[in-house]
Each structure stands twice: as structure tokens, then as C-alpha cells.
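As C-alpha cells, the structure follows; a few thoughts come after it.
The values are calculated or read from the model by the stated rules, or taken from the named source; none is laboratory data. Fair warning: this is a prediction, and the values are worked out from it, not measured in the lab. Positions of Cβ are generated from backbone atoms using ideal geometry, with glycine treated the same way; all protein chains shown enter the neighbour counts. The area values use the complete protein model at the heavy-atom level, side chains included, leaving out ligands, DNA and RNA. Shrake-Rupley method; radii C 1.70, N 1.55, O 1.52, S 1.80 Å.
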Amino acid sequence: MAEISKEQFTRGTMWKLLERFTGRGIAVVISVVLSRLLTPDDYGLIALTTVFTNLSEILIDAGFSTALIRKEEVDDGDYSCVFSISVGISLLLYIILFLASPFVAQYYEKPELTRVLRVMSLVLFIQAFASTRNAYVNRNMQFKLLMKCNTIAAIVSGVTGIGCAYLGFGVWALVIQRLLQQTIVTIILFIKIKWHPQFRFSKSKFKNLFGFSAGVIGASLVNYVENCVNSLIIGKHYSVADLGYYDKGNILPEQISLNSFGAMTNVLLPTVSSYQNDVVKLKRVIRKVIAFTSFIMFPVMLGLLMVSQDTVLVLFTDKWIASVPLMKSICVYYIATPLMLIDVQVFFGLGHSKIRLKTEIYRMVFILTGVVLSCFVFKLDIKYLALANAIAVSLGTLVTHIEVKKIIGYTFLERILDTYKSIIAVGVMCLALLFINRILPNVINIALVRLLMEVFVGACVYILVSVICRNEVLLEIVSQIRSKGNRVG
């Protein structure tokens with residue numbers, strides 16, 4: 001695999017960010033509209049189904065997509081082998097979920113869950129057909145194509161979902177929306193990518209790919225346990241409505257963090273893989289990515305935390321106000337997650353998938369400990385469970401940093417040097433928001449006006465302090481904008 005240049009990485013990142021901003025941004029708008037037409041119970045039911053469909057998707061992929069992306073040389077035989085395995089596993093898993101759905105519905109005392117789970121599980125076949133093509137697109141950094149696919153799919157499926165919700169379809173509006181979105185993306189990729197899958201299995205290629213993918217799927221399964229514990233515990237220990245509030249409190253931080261700026265990790269994996277024989281260059285790339293991510297993510301996530309109440313009132317209405325304290329803790333959760341995902345690409349790119357599995361096990365232990373203490377020992381409110389998750393993920397990120405230090409020598413002091421100016425600026429921003437949050441509710445009753453003022457003040461303070469501190473990331477962004485402006489001129 002040829003080394004990926006700075007220009008290729010920057011261009012790929014821009015397209016990937018644009019893809020996430022458009023596709024996921026549209027998804028947020030659609031979610032805002034649907035939240036006004038549907039109930040917390042509707043969202044809670046869908047959250048319960050994703051516990052099972054997400055596990056199935058992990059098993060279908062089995063870590064082979066990541067193995068295809070990082071492998072130095074890949075041919076049609078590799079893609080066809082992975083495609084055949086994915087389709088076979090999807091068929092087996094659908095049969096299992098179809099037969100198990102009545103028992104799942106009985107466990108949660110939700111009879112309608114039987115049909116919902118059976119229909120939602122059809123996404124497994126779509127996922128099986130799309131997985132190898134997604135790997136092909138990511139390996140070849142064709143993120144412009146992904147941007148177009150996801151934008152079209154988000155608009156068509158979103159409008160259809162809103163129409164179904166308006167007509168009174170209830171939870172089925174969400175089912176139709178999600179199935180349609182995946183289907184449209186798969187169809188467009190099938191048309192645009194000239195490579196067509198073949199049902200061809202190779203034992204030698206399977207062994208070669210599985211040697212790496214075993215650690216990936218192990219880490220994915222551990223991560224799945226972490227993620228689904230909340231759905232399983234909240235859905236049973238608390239209520240389906242609580243699960244709906246948790247899902248709603250999660251949607252904005254997740255869309256912004258994991259699905260938007262976390263998009264950089266999709267570009268980072270092939271980039272890291274191309275530098276797997278030059279650790280010095282690799283370390284320079286990772287340091288720049290950490291600095292850039294921190295410069296963007298710290299103010300966005302902590303800013304959202306500070307204005308969460310007005311955000312919920314404006315976007316979701318006061319019937320979702322119970323999700324505000326959950327959103328605050330989830331913002332902390334998603335500050336740590338992108339930094340961890342950047343380090344994870346180092347493990348994958350350099351072939352250390354088993355180290356990734358080890359760090360994920362540590363994180364799972366932290367999360368399960370928080371769940372046990374919050375739900376069963378102290379029997380705390382759901383907002384404390386969200387806080388426990390945030391603390392657990394932060395500790396897990398620390399463990400991941402330690403392992404990366406061993407591999408490429410990226411020390412904690414260097415991380416502080418790469419991020420301290422962003423930390424200072426975001427600290428001043430939070431103090432400013434805390435001050436105006438105490439004043440605005442007494443003088444302005446309209447939540448939208450308050451929110452706009454809070455965002456404006458927060459952005460201005462953060463940029464001003466970054467200029468005063470001469471943050472290198474900001475200076476580079478300004479330089480890039482000026483250079484592009486000069487080319488246009």
C-alpha cells in the first residue's frame with residue numbers, strides 16, 4: 001500500500017466530514033421532526049431492537065472489513081471470500097432472531113416487539129451486501145461517493161419516515177426509515193462500484209484475513225456488550241420511556257462526536273496502514289490529528305453540555321426535558337470517545353488488533369462496574385448511570401493512551417503540549433457560558449433566542465482566547481482557508 005500524503009489525507013478527511021455533516025445532519029433534522037410526532041416508547045422499542053441487530057452486524061462483518069482496509073495487497077478473491085462469509089452469516093442470524101423474537105418480546109413485556117424485531121432484522125441482509133463495498137470505498141478513500149450516497153439516502157428515507165409518522169404509523173415509521181436508508185445506500189454503491197461480488201470462498205484467504213480480524217471482532221463484541229448493557233438494564237431495570245429519554249439525550253452528542261468528527265478515524269485507518277513501516281512519520285500524523293480533534297471536539301461537546309437545556313427545549317420540546325441531565329453526562333462520554341478511536345486506528349493500522357481487544361476489555365470492566373454500582377448497589381436514578389458511563393469511558397481512554405505510548409512513544413507530556421491551548425480556551429468559554437446562563441433566563445423567556453445568544457457568545461470567546469494563545473491548529477486552518485482563497489482569486 002502506497003503512503004498516503006498529507007494532501008490525500010486532508011482531502012479524504014474533508015469529504016468524510018462533509019459526508020457525515022450532510023448525511024448525519026439531515027438525520028438530526030429528521031429526528032427532531034419525528035420526536036414531535038412520536039413518543040419516547042416508540043424510540044425505546046427501536047433502541048431494544050438495535051441491541052440485537054447491532055450484535056448481528058458485528059458478527060456479519062467479523063472484523064473482515066478492517067482487515068481488508070489495512071492489508072497491504074488485496075485482490076478480488078479477498079473481497080469475494082469476505083462477501084460469501086457475510087451473506088452466509090446474515091442468513092443464519094436472521095433465522096435465529098426470527099425464532100427468538102417472541103421470547104425477547106415476552107422478556108420486555110412488549111408483544112409488539114416480536115414483529116418489529118423480525119422486520120428490523122432484515123437490515124442484516126442489506127448489511128451483508130454492503131460491507132465489502134464499504135471496505136472497498138474506505139480502502140480507496142472514495143469518500144466523495146459515500147457523501148453522495150448517504151445524503152440521498154438520508155433525505156429520501158427521512159421524508160418517508162416523517163410521512164409515515166404523520167399518517168400514524170407510530171414505531172413503524174422509524175422501522176421503515178432505517179431499512180430504507182440502508183437499502184438506498186447499498187443500491188447506489190452497487191451501481192457506482194464496478195466490482196461485483198461472487199460467492200467464492202477460499203480457505204487460505206480466510207485464514208490470512210482471520211489472523212487479524214479475530215482481535216477486531218473480539219474488541220467489537222466487547223464494545224457491543226458495553227453498549228447494549230445500558231439498553232438491557234434501562235429497558236428492564238428502569239422503563240422503556242427512560243430508554244427513550246436516554247436515546248434522545250444521546251442522539252446529538254453521538255451525531256456530532258462519533259458520526260461527524262469521528263469520521264476522521266475512517267480516513268485515519270488507511271493512512272496509518274500506509275505508514276506502518278515508518279513509526280516516526282506515523283507519530284507526527286497522530287499528534288496533528290489529536291490536536292485538531294481536541295480543538296474542535298472540546299468546545300463543541302462542552303458547549304453542548306452547557307446549553308443542553310435550551311437545546312432540548314428548542315429541538316425536541318419540553319416533553320423531552322427529562323433527557324437534559326442524561327445529555328450532560330453523555331457529552332463527557334463523547335469527548336473521550338473520539339480521542340480513543342484515534343488511538344485505536346494505531347492498533348489496527350500496525351496490526352495490533354489483540355492489544356485493541358485488551359484495552360476494550362478494561363473499558364468493559366469499568367462500565368460494568370459503574371452499572372452494578374449505579375443500578376444494583378446504590379439503586380440510583382438513571383442520570384447517575386449516564387455519569388458512571390462517562391467516567392468509565394474516560395478511564396478506558398486513559399488505558400488506550402498507555403498502550404499507544406508503548407507502541408509509538410507518544411507520551412502524556414506530548415499529548416498535553418498538543419492540547420493545552422484548546423483546554424485553556426474551552427475553560428474560559430465554559431466560564432463565560434456559566435455566567436450568561438445565570439443571567440439570560442431572568443431576562444429572556446424565549447428558549448431559541450437564549451440558545452442563539454449562548455452559541456454566539458461561546459464561539460466568540462473560544463476563538464478569541466485561541467487567537468490570544470496562538471493555537472497552532474487555528475493558525476493552520478486560517479492558513480489553509482487563505483491559500484484556497486488565493487487559488488480561487
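The overall shape of the range 332-456, judged from the alpha-carbon gyration tensor, is oblate: a/c is not under 1.5, and a/b is no greater than b/c.
Within a straight-line Cα-Cα reach of under 12 Å, LYS144 can be paired with the following aspartates and glutamates, leaving aside sequence neighbours fewer than 8 residues apart in one chain: GLU19. Once the Cβ-Cβ distance of ARG284 and HIS237 is raised to the sixth power relative to R0 = 41 Å, the FRET efficiency obtained is 0.30.
A cut-off under 13 angstrom between Cβ atoms defines the neighbours of LEU395, and their net charge, with Lys, Arg +1 and Asp, Glu -1, is -1. Could you give the longest part of the chain that holds none of the GluC sites (Glu not before Pro) found in DSSP loops with at most 11 neighbouring Cβ atoms within 10 Å? Longest run free of exposed loop sites: 110-489. In a simple Cβ point-charge model (Lys, Arg +1; Asp, Glu -1; nothing else charged), the range 297-358 has a dipole of about 340 debye relative to its Cα centre. Here the accessible area of the chain is 67 percent carbon and sulfur, with a 1.4 angstrom probe and all protein chains present. In the chain, taking the dipole from charged Cβ atoms about the Cα centre, the farthest positive-side position among GLY249, VAL32, ALA153 is held by ALA153. Need one word for the chain: rounded, prolate or oblate. Basis is the Cα gyration tensor (sqrt eigenvalues a ≥ b ≥ c); a/c below 1.5 gives rounded, then a/b vs b/c decides. Rounded. Would you mind classifying the range 37-161 by shape? Square roots of the alpha carbon gyration tensor eigenvalues, ordered a ≥ b ≥ c; an a/c under 1.5 is rounded, otherwise it is prolate if a/b is larger than b/c and oblate if not. Because a/c hits 1.5 or more and a/b fails to exceed b/c, the range 37-161 counts as oblate. Residues ILE463, ILE46 ordered from highest to lowest accessible area at a 1.4 Å probe: ILE463, ILE46. Take LEU122: with every protein chain present and a 1.4 Å probe, its accessible area is about 70 Å².
Taking 0.36 nm per residue of separation and subtracting the current Cα-Cα distance, fully stretching the chain between LEU167 and PHE412 would add 82.7 nm. Going through the cross-link list LYS194/LYS288; LYS205/LYS354; LYS328/LYS406; LYS110/LYS358; LYS379/LYS405; LYS236/LYS328, which pairs have a Cα-Cα distance over 29 Å in this structure? Going by Cα-Cα distance, LYS194/LYS288; LYS328/LYS406; LYS110/LYS358; LYS379/LYS405 fall outside the 29 Å limit. Helices in the chain, meaning DSSP H runs of at least 4 residues, each add -39500 (n - 2.57). Divided by all residues, the mean residue ellipticity at 222 nm is -29000 deg cm²/dmol. Full extension of the chain between GLN142 and VAL428 gives 99.0 nm of extra length, using 0.36 nm per residue less the Cα-Cα distance.
Within the straight-line cut-off of under 19 Å between alpha carbons, the aspartates and glutamates reachable from LYS319 are ASP41, ASP42, ASP242, ASP247, ASP310, ASP381, sequence neighbours fewer than 8 places apart in one chain being disregarded.
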